[in-house]
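For reference, the structure is listed below as structure tokens.
The values are calculated or read from the model by the stated rules, or taken from the named source; none is laboratory data. Worth saying up front: this structure is predicted, and the values here are computed from it rather than measured. Every residue, glycine among them, receives a Cβ derived from its backbone with ideal geometry; neighbour counts consider all protein chains shown.
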Amino acid sequence: MHESESLQLIVGDLLMIQEDESVPKNVKQRIQNAIAILQDVEAKNLNLCIAKSVQELSDVAEDPNVPRYMQMEILKVVSQLESK
């Protein structure tokens, strides 16, 4: 699979998480930030974009307002990003 295709799948996963109604508004904004970083990867260094997204999502996963099952989904995406 091409790198941009796998990033698009990850962005799709993040969009699904963001659309979940149990996710607090501030968390949705942080997820949107991570998506924007990943979508801007062509303009910047891939590794830098992934690192910024991982940091943003890791912070979100630690938020006590995020439901536990959603934390697991976010950590799954973080793991996918870290394997890039």
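General remarks:
- Cβ-Cβ distances below 7 Å connect the following pairs, each with a first residue in segment 70-84 that is at pLDDT below 95 and assigned to a loop (DSSP other than H, G, I, E, B), a second residue that is crowded, with 16+ Cβ neighbours inside 10 Å and not small (Gly, Ala, Ser), and a separation of six or more residues or different chains: Lys84/Ile50.
- Residue check, Glu42 of a type in the set (D, E, K, R), in a helix (DSSP H, G or I) and either out of contact with any His (no Cβ under 6 Å at 6 or more places or on another chain) or within 25 Å of Ser4 (Cβ to Cβ) (or both): yes
- The set of residues in segment 45-84 being acidic (Asp, Glu) and within 16 Å of Leu7 (Cβ to Cβ) consists of Glu56, Glu82.
- Residue within segment 10-22 that is among the hydroxyl-bearing types (Ser, Thr, Tyr) and either at pLDDT 90 or above or over 17 Å from Asn65 (Cβ atoms) (or both) present: no
- For segment 17-26, the tally of residues that are in contact (Cβ under 8 Å) with a residue 40 or more places away in the chain and in a helix (DSSP H, G or I) stands at 1.
- Residues that are surrounded by 14 or more Cβ atoms within 10 Å (Cβ to Cβ) and more than 13 Å from the chain's Cα centre (by Cα) within segment 21-45 comprise Val23, Pro24, Val41, listed in sequence order.
- Listed by first and then second residue, the pairs linking a residue in segment 52-66 that is at pLDDT below 95 and surrounded by 18 or more Cβ atoms within 10 Å (Cβ to Cβ) to a residue that is of a type outside the set (Gly, Ala, Ser) and outside any helix (DSSP H, G or I), with Cβ atoms under 8 Å apart and 6 or more places separating them unless they lie on different chains, are Val60/Val66; Val66/Val23; Val66/Pro24.
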